[in-house]
Structures are given as C-alpha cells and as structure tokens.
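Each remark here refers to the structure printed beneath this line.
Please treat every number below as a calculation from the coordinates, not as lab data. The model shown is predicted, which means the values in this text are computed figures rather than measured ones. Cβ placement follows ideal geometry from the backbone for every residue including glycine, while neighbour counts extend to all protein chains displayed.
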Amino acid sequence: MEKNMKYAKGFSTKTIHIGNEPDLDGSGDVVVPIHLSTTFARRKVDKPSQGYEYSRSGNPTRYALEKNLAALENGKYAFTYASGLAAITNILLLLKSGDNVVSIDDVYGGTRRLFTRVFEKYNITFTFVNFISAFELKTHIQRNTKMIWIESPTNPLMKIVDIASITRSVRSKKILTVVDNTFATPYFQKPLDLGTDIVVHSMTKYLGGHSDTIGGSVIVNDNALAERLKFLQNAVGAILSPFDSYQILKGIKTLPLRMEKHEENAIIIAKFLKQNRKVKKVYYPGLPDHPNHKIAKKQMSGFGGMISFELKGTMKTAVAFLEHLQLIAIAESLGAVESLIEHPASMTHASVPKEEREKIGLSDTLIRLSVGIEDVDDIIHDIFQALSYTKTKERGEL
C-alpha cells in the first residue's frame with residue numbers, strides 16, 4: 001500500500017512526494033531505492049509481477065521519476081532516456097519519410113546536428129525559421145509539415161516564442177507541436193498547459209542540477225501519442241539507467257529553491273552587464289527591453305538563470321575574457337549549481353556552419369552564461385575582473 005498523494009498539489013510538494021511514496025506494505029523507504037535488477041521474476045507465466053518484466057521495458061526507479069515528471073509538467077505520461085538527444089530521437093521517430101519539421105532557427109547546436117546530419121538522410125526535411133508567433137510561422141508551413149519544433153527561451157539567443165499562439169494555429173492541421181522546456185523548467189513554464197503536444201527536457205541541466213547525471217525526458221497528455229512513445233522507448237532501448245533515475249529524482253527535490261536563486265542572481269548579473277561598456281548586447285528575457293519580454297511575462301512565472309551577451313571586439317576578445325575567468329568554469333552544459341560559461345561559436349554551436357550562425361545572429365563574440373547559485377557578488381567580481389583584463393590586453397583590437 002502506498003500513501004495517498006491527494007494533498008500533494010503545490011509544485012514544491014510534488015517535487016518531493018510524487019513518485020516517492022513509501023510502500024507501507026514493503027520496506028517503507030522514504031527515498032526511492034535504486035532497483036538494479038535487469039529482470040523480474042513472476043509467479044504466473046503470463047502475468048508479470050507488479051507489471052515489471054525487463055528493465056529496458058520498465059524499472060521501478062525509472063517509473064518513480066517518470067511519475068514525478070508527469071506531475072510537474074501537468075502531464076499524464078512521461079518517458080525518460082539516456083540523454084536529451086536520445087529523447088529528441090524518439091520524438092523524431094514518430095515521423096516518416098517525406099515529412100517536414102519547421103524549427104525555430106535559433107536551436108541548440110546538437111539538436112540541429114541531429115536534424116540535418118542524421119534524420120535528413122531518411123528524407124525528413126527541416127525548415128529553420130525565425131518565428132515568435134503564428135503570424136511569422138504560417139507562411140513556412142508546407143503540405144507535408146508534421147511537426148513544429150520550439151525552444152523557449154531559445155539556446156543561445158534567448159528568444160521567447162508565443163507557445164499558445166503557435167499551438168492554436170496548427171491544431172486543426174494535425175501538426176504536432178514540441179517545446180524544449182530545458183531552459184525554463186516546469187517551475188517557470190508549463191507548455192502542456194499552453195496547448196503543446198510534447199514537452200522535452202535535457203534532464204542533464206536544471207532537473208538534475210548538479211553536473212553529475214545525463215538524461216532526457218518526454219512528457220505528453222494524449223493517450224495514443226503516449227502509446228507510440230512507450231513502444232519506441234522500449235523498441236529503441238535508449239532508456240535511462242536506474243542510478244541516473246535516482247540521481248535526477250533526488251535533484252528535482254530542490255528544483256524550486258535552485259530556480260529561485262538562479263533567477264535572482266541572473267537578473268542582477270544581466271543588469272550589471274547592461275551597464276558595462278565592454279558589453280555590446282545582453283540577451284535576457286527578464287529585462288524590460290528584451291523584445292519578447294511581454295510574451296515571457298504572459299507565459300512564464302519567472303525568467304530563469306540563462307543569459308547570453310555579446311562583447312565588443314573580436315573572437316580573440318571573447319576568448320581572452322573567457323580564459324581569464326577564475327571562478328566561473330568554461331564548460332559546455334548548463335543549469336547546474338555552479339556557474340558555467342561557454343563560447344557558442346567554438347563550443348556548443350561549432351557544428352553549425354559559420355554562415356548559418358551569422359544568419360541567425362549568433363556572432364563570434366557571443367557568450368552564454370549559465371548563472372549558478374553562488375553569492376552573486378562573487379560571480380560579478382569574476383566577470384568584472386575578466387572584462388577589465390580584456391580591456392587592457394585587447395585594446396588594440398577594440
């Protein structure tokens with residue numbers, strides 16, 4: 001017998017309790033145990049015990065995480081995978097040869113690489129468009145368009161897409177809408193509530209939150225769609241391990257606390273960067289002058305901890321700045337308790353051809369900062385001293 005979770009209604013309560021219900025007829029574990037068994041014995045030949053047969057098909061620890069994720073996104077079903085890209089792969093396997101996907105142009109480099117260098121080989125086409133609402137999107141929808149791919153905020157230019165506008169515009173056309181909710185997390189944004197068909201996460205980022213686990217997830221409400229995804233999860237087999245499921249489930253328990261601190265720090269740092277003469281432009285949806293600030297306020301309850309900014313100068317200026325940081329680590333990934341910073345043109349988006357990067361506005365001096373939960377004065381001091389260094393060392397290039 002598990003405890004009744006009817007009182008687990010608030011977001012913070014859900015993060016701690018949903019999926020973590022103690023089995024009072026068993027051991028009574030308050031923390032979900034790591035079920036490492038690859039297979040499960042049964043009393044009856046034709047009836048698996050507790051519904052579990054083989055860990056690729058279903059595992060108690062993974063199920064606990066999936067139950068938790070569905071609750072946080074206000075969804076019915078969740079599926080977890082070995083990485084965010086494995087999750088995206090399973091979504092794309094819903095398509096068939098000849099289908100078209102319209103994607104936001106400013107999309108994570110690894111997602112674009114998967115689209116163009118893997119799935120295009122199977123005659124699935126991808127159209128990259130700068131759209132914010134249904135108005136910009138409508139002329140790019142083709143007869144064979146079967147999916148709209150959205151990031152909001154986008155990676156790395158922090159565009160905000162009007163999710164409800166997009167979903168309303170294509171619902172009658174039977175086009176699936178997908179929102180990558182990695183940057184916002186379900187704490188600040190719930191795409192399913194805005195009409196989205198599919199939500200995807202790189203759980204490596206904010207959900208895990210500690211730079212120690214890789215994973216991806218997909219959350220849906222539709223029964224038929226869930227059945228197809230469940231089949232693909234099992235058939236393809238890129239499932240999340242029990243240990244990683246346990247790690248992410250543990251990380252999620254502090255998600256609300258972390259997200260509040262990430263945002264609190266990010267707002268202060270974004271304002272600091274805006275005032276620095278070395279900085280050409282700041283991309284953060286929490287700033288009133290962000291072009292999509294009103295949309296962000298409408299569909300998000302907070303603005304998150306991701307900031308991008310352009311430096312004045314050349315790529316050498318950007319590299320000199322990054323390499324003189326002392327506290328903030330130069331590293332790919334994001335959403336961890338420690339601040340991480342990177343140079344998209346030579347790191348996360350290096351696989352995107354230079355002409356494409358320039359077309360979407362991703363300059364050689366663009367920096368992406370994942371603001372951690374350290375004392376904000378320490379983060380600012382590190383940025384300031386590194387900017388001061390570039391001003392001295394790179395004076396001849398500015």
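3J(HN,Hα) along segment 286-298: x, 7, x, 8, 5, x, 10, 4, 5, 5, 4, 5, 6 Hz, from the Karplus curve 6.51 cos²θ - 1.76 cosθ + 1.60 with θ = phi - 60°, whole Hz, x for Gly and Pro. Based on C-alpha pairs under 8 angstrom that are at least 6 apart in sequence, segment 255-393 has a relative contact order of 28 percent.
Summarising the amide proton neighbourhood of S103: residues at separation of 5 or more, or on other chains, whose placed amide H is nearer than 5 Å comprise T127, F128, V129, W149. Between amide H atoms placed 1.01 Å from N, distances below 5 Å from S308 occur with Y283, L369, all of them 5 or more places distant or on a separate chain. State the Kirkwood hydrodynamic radius of segment 296-390 in Å, one decimal place, computed from all pairs of distinct Cα atoms. Result for segment 296-390, one decimal place: 14.1 Å. By other beta-carbon atoms within 10 Å, ranking V218, V129, V30, V102 with the fewest at the front produces V30, V129, V102, V218.
As a rough footprinting exposure proxy, the listed residues E264, E227 were ranked by other beta carbons within 10 Å of their own, and the order from fewest upward is E227, E264. Residues in segment 89-99 carry Karplus couplings, in order, of 4, 5, 5, 5, 6, 6, 8, 10, 4, x, 7 Hz; the curve used is 6.51 cos²θ - 1.76 cosθ + 1.60 with θ = phi - 60°, and Gly or Pro positions show x. A crude spin-label estimate for the pair S346 and D23, with each label 7 Å from Cα along the Cβ direction, gives 5.2 nm.
Arranged from fewest to most other beta-carbon atoms within 10 Å of their beta carbon, Y206, Y54 become Y54, Y206.
Only Cα pairs under 8 Å and at least 6 apart count here; give the relative contact order of the chain as a rounded whole percent. Worked out over the chain, it gives 16 percent. A cut-off of 5 Å between modelled amide H atoms, ignoring neighbours fewer than 5 places along the same chain, links D222 with no other residue. Assuming charge only on the beta carbon of Lys and Arg (+1) and of Asp and Glu (-1), the dipole of segment 276-398 about its Cα centre is about 640 debye to the nearest 20.
Summarising the label geometry, the points placed 7 Å from Cα in the beta-carbon direction at T38 and R277 lie 6.5 nm from one another.
Between beta-carbons, use under 15 Å as the cut-off and find the net charge around E356, counting Lys and Arg +1, Asp and Glu -1.
Details: positive: R112, R113, R117, K354, R357, K359; negative: D105, D106, E120, E355, E358, D364.
The answer is 0.
Students often get this wrong, so try it: which of (1) 78, 50, 34; (2) 62, 56, 48; (3) 59, 53, 44 is Cα extents along the principal axes in Å as calculated from the structure shown? It is the value labelled (1). Coupling constants for segment 198-207 follow from the phi torsions by the Karplus curve (6.51 cos²θ - 1.76 cosθ + 1.60, θ = phi - 60°), and in residue order they are 9, 10, 10, 9, 8, 6, 4, 8, 5, 5 Hz; glycine and proline get x.
Beta-bridge orientation, the chain: approximately 60 percent antiparallel, per DSSP, counting only bridges with both partners inside.
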